[in-house]
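See structure below.
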Amino acid sequence: MDLDRLLTARGISRREFIKLLTATAVTLGLSASHVPAMAEAIEKSVTKTPVVWLKGQLCTGCTCSSISSLDPGPEEIILDLLSFRYNPTIMAAAGHVAQMALDETVKAGGYVLIVEGSFPTADDRFVMSGGKPMREKLLETAANALVVIPVGACASFGGIPAAGPTGAVGVGALVKDMPIINLPGCPVNPRWLYGTVMHYLMYQDLPELDAYNRPKMFYGKLLHDNCPRRGRFERGEFLTDWNSDEQQDWCLLLMGCKGPKTYTDCPQGLWNDGVNFCINAGSPCSGCTQPEFYAPGFGDTRVGFAPLYEKQNSFALPGIGGIDAPKVGKAMAGVAAAGVGIHLVARTVSGSKNKREGDGV
Amino acid sequence: MAQKIVIDPVTRIEGHLKIEVMVENGVVTDAWTVGTAARGFEILLKGKDPRDATYVTERICGVCAGPHGWTSSVAVENAHGAVLPEAARIIRNLIIGAMWLHNHPLHFYHLSALDYLDILAVAEYRGNDPQLLAVKDRIVALVKQGDTAPLTPRYEPDEFSVRDPEIVITAVAHYLKALEMQAKARKLSAIFGGKQPHQSSIVACGVTIKPNAQQIMKFKSILQELIKFAREVYVPDVLAFGTGPLLPLAQAGVGGGEGNFLTYGVFPLADGSTLFKSGVIFDGKLNDRQPLDQNRITEDVKHSWLKDEPVKHPAEMDTVFDLDKEGAYSFLKAPRYEQRAMEVGPLARMLVQQPPGFMNLIKEYQIKIGAVARHAARAFETLLLCEAMETWSEELPALLAGKDARIHDTEHWKPPKTGTGQGLLDAPRGALGHWIEIEDHKIKNYQMVVPTTWNFSPRDEQGNRGPVETALLGVPVPDPDNPINIVRVVRSYDPCLSCAVHLIEADSAQVRKFRIC
């Protein structure tokens, strides 16, 4: 079936189709010049790309986030762009019928595998499904996938469960020899997910990835460098009281912000149809796109971001670029760390209006 | 002859759940509810900064995201001795209220309706409504294309399934509209919440955002859209189904249970009371509503994969995993109130509240306690909440006027050396309790009893079943290959499994396993 017949059969005009793709491109932060490539990619594959969505130790927040996009809307995503063959939260199927749908999809191959949630290494019995450890289901399903996309902090690096007693890890710790694109965040932002999937379908290749297998198009920049409150930081104006009208848009460093160490495009891409993001709501960044999120587990050597509402110790040392930054953009992070120290000192020396700022250094 | 049916995992719910039932002569004679996954939140919080609990427990559930962080912040405030400023109370009510407007229609259209509709009846639509015809074309095209995922595959429709093409096509059109509306409800919540799922602005002792006039305007305008949808589409649909094609199911009280209800109340008001009141009902005695006394709550781990400890108040529990324990079959604990298993959720709230409209509805149509009544209660409380949210959004600007209007009790922000606190609020799915103990400025113990632990609890020390285990007794399963009534009952509770379970090995070929993936 060619694209035009397909569109006609589905009651979509070619104009509407191009409109959908343009909206998709814009929302995903891609230039409209990508639209012809997108159209061509879809034309080539003609039928929707099958998607299998597996779940480990999770909260279902990433599934919910993926249908919280408004442009393209959830209806287009579910019915027009992708074919959800297996997603336990939204599919109609139940019982053996659903299992057969999954078996058939896996057998046929050629699907995108999306994984939500972490996997326990302390004991398989911490996540069972259909009488089987989810870990085994993951390995079987990954083996025949085109590409494996762990979504959210848990599936990427273990997330919050990694701080717990189940020895939770991300997909990359278990699945070897497969192309993996990590899309961390708590939850994943729908732009990151659909942008990555569309990119993969358009170019049949992985987007450019960083050392943690995150697409650079979304995770390539340090939040701190693009923060709307960066000017306040430069002036040494740090929020210590959420009630103060004067401090409303001051830097959240002293409230525990992990922006100086977090790679994400939140300040540009925003959340929920562009309506907000944590820092614009006065909340310190928790660093949910980083492997350090949230805290080390038992016998885990990661540094961790806990406590979340206290200034990071590693940000405090003035003039020492000793921030244990990831390899990616190390230089940039070093500059940031030094900057944090210098600005705090400057503020304190010049006589701060807020006593607690001085305490913080 | 008795036959065991295993449904694992149950789909269109939050988390991992397994249901086992014994069926004899076409009805359920025994049932076990099994939580099949665990992350150990209570354990990982030990030794952490108490304020982190708000952020971390928020991640227990991403569906109705918000209520956990909210309840946790109340517990931490209680331990810190903080007093919540009025504006923060209203902002929290609006952030969380938006999530109820998200949760309730989503539960009806996207998680439940597919159990009641014969979707493919859409092809038989013969009307002329251009919008409905567009829906028909769309679904028929998917069928022609041979790719109707995720609407199929499914359990086969039965005698309770709605097949009238006109009703089905309207419902499908609303299913699609509701998809857009649930995304809008998330957006609404994010205006004050930072983002959704997992808002960031509710923190211990207050909120982090002081909304400006433009944000309040935007909030009110999207709120109006959602209220319009609830009033004109969602609630009428639930009522039309409940008093129309599903009336026999409603009057038969399928999935009724013991009639014990508990609610902590929720949405704090200025006078210290709550929009939905707290209370307790035993044995379906609706004329004998009793006040709630949280000291009468106990927890029991006899059948849980947790190290044995005596039956005691949740705040005193320890929570240590023991995966090899004899006789255990679920990761969930068994909470009880005066030793009774209690149903929590919308039906509990509406039966304790007894708003005239709801009581008249169930009286007029002779609707018994059961799966359909739960859907009706959920719809009805949505209407009450819509009204309250309009009022709160009107009240907010005055509370934010004046220099340095308060949204946070910053004096009590630093964790005290010691303290204990509790947060008791209802989440959309029912009574949610958090208990915290602070020692040396750190969390010494953190315990939670979540709604699904109440509803889907395993048997207790006395061998008494959990509420859903009881509600499944007597449910008709004429065809063991198509146990659709079981999932109807289970889903009517809107389960949210964030704790976990493992399964009992099903023995022999007699066991039918349904992976409701």
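Kindly indicate the residue of the range A:100-122 that is small (Gly, Ala, Ser) and touching a Lys or Arg at 6+ places or on another chain (Cβ under 7 Å) and also farthest from the other protein chains (Cβ to nearest Cβ) among those meeting that condition. Lay out the reasoning, then the answer.
Our first condition is that a residue be small (Gly, Ala, Ser); within the range A:100-122, this holds for A:101, A:108-110, A:117-118, A:122.
If we keep only those that are touching a Lys or Arg at 6+ places or on another chain (Cβ under 7 Å) too, we end up with A:101, A:117.
Numbers: A:101: 5, A:117: 8 Å.
Looking at residues that are small (Gly, Ala, Ser) and touching a Lys or Arg at 6+ places or on another chain (Cβ under 7 Å), I get A:117.
Within the set B:98, B:113, B:31, B:79, the sole residue that is of a type in the set (A, V, I, L, M, F, W, C), within 25 Å of the chain's Cα centre (by Cα), in a helix (DSSP H, G or I) and more than 10 Å from chain A (Cβ to nearest Cβ) turns out to be B:98. Selection of the range A:88-120 for residues being modelled with pLDDT of 80 or more, among the aliphatic types (A, V, I, L, M) and in contact with a helix residue (DSSP H, G or I) (Cβ under 7 Å, 6 or more places away or on another chain) yields A:106, A:112, A:113, A:115. Total residues in the range B:42-53 satisfying the condition of being touching a helix residue (DSSP H, G or I) at 6+ places or on another chain (Cβ under 8 Å) and more than 7 Å from chain A (Cβ to nearest Cβ): the figure is 3. Do we have residue A:164 as closer than 22 Å to residue A:306 by Cα, modelled with pLDDT of 95 or more and of a type in the set (Gly, Ala, Ser) here? No, not satisfied. Just so you know, in the range B:408-427 the residues that are touching an Asp or Glu at 6+ places or on another chain (Cβ under 7 Å) and within 14 Å of another protein chain (Cβ to nearest Cβ) include one that is surrounded by the fewest Cβ atoms within 10 Å (Cβ to Cβ), and it is B:410. Applying the criterion of being closer than 20 Å to residue A:202 by Cβ and at pLDDT 80 or above to the residues of the range A:51-81, the residue that is nearest to the chain's Cα centre (by Cα) is A:66. So which of A:85, A:125, A:135 is at the interface with chain B (Cβ under 7 Å from one of its Cβ atoms), modelled with pLDDT of 85 or more and at negative phi? Exactly one residue qualifies, and that residue is A:125. Just checking, which of B:466, B:430 is on the phi > 0 side of the Ramachandran plot, surrounded by 20 or more Cβ atoms within 10 Å (Cβ to Cβ) and at pLDDT 90 or above? Of B:466, B:430, the one residue that is on the phi > 0 side of the Ramachandran plot, surrounded by 20 or more Cβ atoms within 10 Å (Cβ to Cβ) and at pLDDT 90 or above is B:430. Within the range B:342-368, the set of residues being assigned to a loop (DSSP other than H, G, I, E, B), more than 17 Å from the chain's Cα centre (by Cα) and closer than 25 Å to residue B:103 by Cα comprises B:354, B:355, B:367, B:368.
Look at the range B:349-366: where a residue is of a type in the set (Ser, Thr, Tyr) and a partner is surrounded by 20 or more Cβ atoms within 10 Å (Cβ to Cβ) and assigned to a helix (DSSP H, G or I), sitting 6+ places away or on another chain with Cβ atoms under 8 Å, you get B:365/B:242; B:365/B:250. Residue-level check: of (1) within 28 Å of residue A:256 (Cα to Cα); (2) more than 8 Å from chain A (Cβ to nearest Cβ), residue B:209 misses just (2). Scanning the range B:474-487 for residues being within 11 Å of another protein chain (Cβ to nearest Cβ) and closer than 20 Å to residue B:452 by Cα gives a total of 2. Taking the stated definitions as given, is residue B:221 more than 9 Å from chain A (Cβ to nearest Cβ), of a type in the set (Gly, Ala, Ser) and free of Cβ contacts under 8 Å to residues at least 40 places away in the same chain? Answer is yes for this residue.
Of the helices (runs of 4 or more DSSP H) contained entirely in the range A:177-283, those carrying at least 1 residues that are within 28 Å of residue B:63 (Cα to Cα) and either more than 13 Å from chain B (Cβ to nearest Cβ) or among the small types (Gly, Ala, Ser) (or both) fall at A:190-203, A:216-219, A:266-269. Checked against the criteria, residue B:93 does not count as within 11 Å of chain A (Cβ to nearest Cβ) and part of a helix (DSSP H, G or I). For the range B:237-244, the criterion of being surrounded by 24 or more Cβ atoms within 10 Å (Cβ to Cβ), among the charged types (D, E, K, R) and under 23 Å from the mean Cα position of the chain (by Cα) is met by none of the residues. Residue count for the range A:199-258 under the criterion of being farther than 17 Å from residue B:408 by Cα and either surrounded by fewer than 23 Cβ atoms within 10 Å (Cβ to Cβ) or within 23 Å of the chain's Cα centre (by Cα) (or both): the result is 41.
The values are calculated or read from the model by the stated rules, or taken from the named source; none is laboratory data. Quick caveat: nothing in here was measured; it's all calculated off a predicted structure. Using ideal geometry, Cβ is built from the backbone for each residue, glycine included, and neighbour counts are taken over all protein chains shown.
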